[in-house]
Structures are given as C-alpha cells and as structure tokens.
Amino acid sequence: DTEVILAGYTRWGNDVFARLNGMFALAIWDTVTKRLVVARDSVGIKPLYYFWDTTQFIFSSELRTLQSQVQGTLNQEALHMYLTLLYVPGPNTLLKNIYKLEPSTYAVVSSGTLEIHTYVPVITTIDVSHDAASVRGTISHAVKSQLVSDRPVGVFLSGGFDSSIVLHHVMEHRGKAETFTTGFELPSDAHEEIEKFNSDLLLARKTAQFYGTTHHEQLISLEMVRSTFEDVLGAIDEPIANSALLPTYHLSQFAREHVVVALDGSGGDELFGGYNWYKINRMAEYFKSAPSLVQRAVVPFHPIFKKMIKNDAAYYLSFMGQEPAVLQSLLLHEDAFEETATYIRNRFYRDTDTMTLTEKMMYIDEMMWLVDESLMRSDKMSMAHGLEIRVPLLDTTVVTMARHIPAAEKVSFLKSKRSLRSAYRGFLPDYLYTQPKRGWFPPGAKWGAGR
C-alpha cells in the first residue's frame, strides 16, 4: 500500500488522496519541493493530530505524543464542547494549538507556512440507482475488497443488523468466518436482567449458528473492568465519556488472541438512518408541515413539539447534548451549551439550508459524532491491542451510494433503515427484522449495587 501511495503521488501529486479508497492517516516528505504533506482518509476512520504555532509542525496519531513534545494549555472552549457532547468535535482538541486534521483533508507545510485543503473522493465505478440489488452489490464488493489480507480476519458480531450484513457477505466470499462477541457477568441478585444486558450476546450466538461460523464469546466481569480501567483511560488518549469504551477494549483484546484484522458494521446507522431520533425527526417534518393553528394547539402538550418547530443547532443538541441546567450546575453558567450550539451552527448549518430536519441530523452525525466519537473510540480501543478494525460499510463506494438515497427512503416516523432492510429481506435471518434498536453498555449500576 505504501508503494501504491507513493507511485500515485508521483503521478498525481496531492490529487492522489481523492483516488484512495480506504482508511489512512499518512505523511509524505517531498524531496523535490521540500514540502511535507499530511492527509487523512475521506471518512475519518484513522485519527491524525497536529501541532502548529508558525515555528514548528508536529504530527501524530495520538494526542499524548504531541502533549509530550509541546507545552499544551487547556482549550476552554473545547472543554465546554466536551461537557456538552461528551466528546470533543474536530478540529478542536482539549489542548490549544493542537488540532485534528479533518476527514477529506490534507495539509501542506512549506517554508514556514501551513495550508489546509479539502478533497472530494473520486469514484469512477459506482451504482447510485440504490435499488435493492445495487445496495447489496455495492456492499458485497466493499466487504470482498476489505477481506484482502495475508493475516487472519474475523468479524465483530453484535447481533444487530449492520454486523450481520457484513457477516453475510464474508460468508458469501469465503464460506467461513471467525466471529467475536462479548457480554457481561452480572451479580447473583441481578440474574433476572441477564437478557437485558446480554441481548446482543444471545442474538449474535443465534446468528453465528445460522451462518455456521467459528464463534467466540467473552463475558466481561467487574473484576476485569477494575483491573483495566486505567489502561482504558490511557488508551482513549482524549476523553470520550461513553461506557462502550470498556466492552470495545475487552472485545478487541479478546479477538486479538485469534485474529489480527476484524470487520465490523460501523457507519450503518449514520448512513442508512438507524437511530431512533431520525424517526422522531421524520415525525417533526410532518408536524412542521401542519397548519400553524394545529401546531399552536399541540405544542403545549409536550416539550418535544416545541423543539420540533425549530431547525437549529439547539434543536440538534436537544437530542445529542447535555441539558443546559446540568451544564450550569457544573460550570455555574450556561455558556457551554450555547458555545457548542454556535460551533455546530457555524460549522454545519450554513451548508444545509436546503436539507430537511432528518437529512441535517444524519449529516451532522456522519460528519461529527461518527468521526470524533464512534470511529475514534473504536480505533483507540482496538489499536491498544494491535488489532486492525476495518469498516466496509464506510467504504467510499458505499458512502457515495448511501448519500444518493433520499432520507425519506431511509427513515419514516415508524421505521428506520428502510432501504437497507428492504435490500436484505430474504437474505438475512427473519428474526433480525423484529429486533429493537439497542445501545451497547455495561451494567455499571448493577455492578456498583452488587458491591
């Protein structure tokens, strides 16, 4: 891959990055022009941090490396955004003068100057008709291309729709697979809630049996979490307040005992409309189109209707941010919420005026939450064990196809992932179609109560 990138750079220069399909954070020193070029993949699967103060440029895949090289001071605005969102959205970090290079971006350092450029991926072979056969064919090709490896490849199987699709195509191309899933040990007085916290484990087991995979299961105990808690915090590098860090860390450690590469279903929710709040937004679109008299009559009955009338960053944060009152209790003022709303408004809302509520929310989730929370969390937890996570649903061809599917075809106020579910009807086990959307979180309260 390194030789291919260098050959491409020799031929196309900086235009090569738009031609690459895959995950990368890379740097090229041009010995002819005496320029340094650093670039990040179009989706933001791999992280890239840099420090710049007009006198020196330092870059790394880890924030702590830069922190050890420069005297970092706290970025107060980024801290406020962290407390609001529970992660730090790019290009910010918690340290001043240290930034994340954003997806679809490359930077050129030369003669004491820093220039940052964006690029648009070049896709020459893509079927944007998004009928059922095209959706399956595009995803199948992406999975096939990401199975290429001279080392063992496994699949993270959550039991959900997206990872099952990935497994379906792995079996299509290889006829066999090693699958990995994790669950949680519960205190003896909480056994009646085993299914609540281990529903993914049980469903993944059923799906693994359906496909006949070599299946590996792990149960995470409170003792395991206690013994590795500081390691998890060290590995995440920049804070992300999501308890899914813990199972991701242990699942990666467990899988690394068997394979070096694992495929997972990240990106399916953001691209194809899988989150429940997208359904609420579709309902909001119907509500906003109702006569004003009806709107005024309905609003007093529930605060959600008042929020639905808005199409603003504060509306987005009503789903994805902490309540202003909570932030005020922490910081003794409400600026954190408004600062974060202003950031989102300036970064995203100027380019999304023609989008519906649902399209706008999906776009912001894809550009911000997916990159700086979900993918960052997955990359840091897996790389702590030298495990490479590949995400075929974020293959450039799949992303391009998904963006051509109208939001109304992805989500209604009753159903999510409509186009994806329709494409795989009859190809995946029927029981997957009756499963509710669930989060992945450890039983922290039960563990605490048990001690």
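A few notes on this one:
- Per residue, the stretch 1-132 exposes 51 Å² of solvent-accessible protein surface, assessed with a 1.4 angstrom probe and all protein chains in place.
- Full extension of the chain between residue 32 and residue 71 yields a length gain of 10.8 nm, computed as 0.36 nm times the residue separation minus the alpha carbon distance.
- Mean Cβ neighbour count within 10 Å, used as a protection proxy, ranking 21-27, 386-392 highest first: 386-392, 21-27
- Mean accessible surface per residue for the stretch 340-399, computed with a 1.4 Å probe while every protein chain stays in place, in Å²: 30
- Rolling a 1.4 Å probe over the protein heavy atoms leaves residue 283 with an accessible area of roughly 80 Å².
- Short-range pairs are left out: with C-alpha atoms under 8 Å and at least six residues apart, the relative contact order of the chain is 21 percent.
- Where both bridge residues fall in the stretch 72-225, DSSP classifies roughly 45% of the beta bridges as antiparallel.
- Label-point separation in nm, residue 110 to residue 97, each point 7 Å along Cα→Cβ: 2.5
- Per-residue [θ]222 nm for the chain (sum of -39500 (n - 2.57) over DSSP H runs n ≥ 4, rounded to 500): -13000 deg cm²/dmol
- Scoring 60-67, 201-208 by mean Cβ neighbours within 10 Å over their residues and listing the highest first yields 201-208, 60-67.
- Stokes-Einstein D (µm²/s) once Rh is taken as the Kirkwood radius of the chain over alpha-carbon pairs, at 37 °C in 0.692 mPa s: 140
- Percent of beta bridges antiparallel (DSSP, the chain, rounded to nearest 5): 60
- Taking amide H positions as modeled 1.01 Å from N, with prolines and chain starts lacking one, the residues under 5 Å from residue 219 and 5 or more places away or on another chain are 183.
- Shape category assigned to the stretch 319-451 from the gyration tensor of Cα positions, a/c cut at 1.5: oblate
The values are calculated or read from the model by the stated rules, or taken from the named source; none is laboratory data. These numbers come from a predicted model, not from an experiment. Glycine also receives a Cβ, built like all others from the backbone with ideal geometry; neighbour counts cover every protein chain displayed. To get the accessible areas, we keep the full protein, side chains included, count just its heavy atoms, and leave off ligands, DNA and RNA. Shrake-Rupley method; radii C 1.70, N 1.55, O 1.52, S 1.80 Å.
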